[in-house]
Structures are given as C-alpha cells and as structure tokens.
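**Student:** Take this structure first; my questions come after.
Derivation of every value follows stated rules applied to the coordinates shown; laboratory data play no part. No experiment lies behind these values; they were computed from the predicted model shown. In this analysis, Cβ positions are derived from the backbone assuming ideal geometry, glycine residues included, and neighbour counts consider all displayed protein chains.
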Amino acid sequence: MKKVLSIVAVAALSAAFVSCGPSKEEMEAKEKAKADSTAAAAQAQTDSLAKVAEAETAAAAEAAAKATADSTRIADSTAAATKGAKKK
C-alpha cells in the first residue's frame, strides 16, 4: 500500500511540475521580445556609427577650413613682409 501511495504521490508531483511550465504563447512572446531587443540593439549600433561618421566628416571639414585659413594668413603675411622689404 505504501508503494502505491508513493507512486501516486510522485505522479502527482510530476504532473504539477509539468503543468506549471510556461505555455506556448508565453514562450513565443519571450522569443518575440528577444528578437525585438536584438533588432533594437542593432538599430542603436547603426545609429551610433552614423553619428560617429557624421562627426568625423564635420571635424575633417573644419580642419580643412582651418588649414585653408592658416595658409591664406601665412601667404598674406609673407606678401606683406615682401612688400615692406622691397621698399627699403
């Protein structure tokens, strides 16, 4: 009798554990959330890389403008110094 009772108890506990697991809808929702999270992370990475590229382009344009301005300033000061030297 004790064996039968223990077998029934084990069967009942096994059924309880199996029935407490996640349902198919819950598992699908979890997978969808995981896929959405992965897509959002990929989009954030793409946006971040685009902002870095944009900042690099702006910095390069600013450096080129500064180099042009410096070159012009040096040429003007050299020309002014040359004019002053010829007058003497």
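**Student:** Would you mind ranking 27, 1 so that the residue whose beta carbon has the fewest other beta carbons within 10 Å leads the list?
**Tutor:** Ascending number of Cβ neighbours within 10 Å: 1, 27.
**Student:** Further question on the same structure: GNM, the chain, Cα, under 10 Å: largest mean-square fluctuation among 47, 70, 36?
**Tutor:** Among 47, 70, 36, the largest mean-square fluctuation in the Gaussian network model of the chain belongs to 70.
**Student:** In addition: Going by alpha carbons, how many degrees (0 to 90, nearest 10) lie between the helix axis of 2-19 and the longest principal axis of the chain?
**Tutor:** 30
**Student:** Quick one: angle between helix 24-87 and the longest Cα principal axis of the chain, in degrees between 0 and 90, rounded to 10, please.
**Tutor:** Helix 24-87 and the main axis of the chain meet at about 10 degrees.
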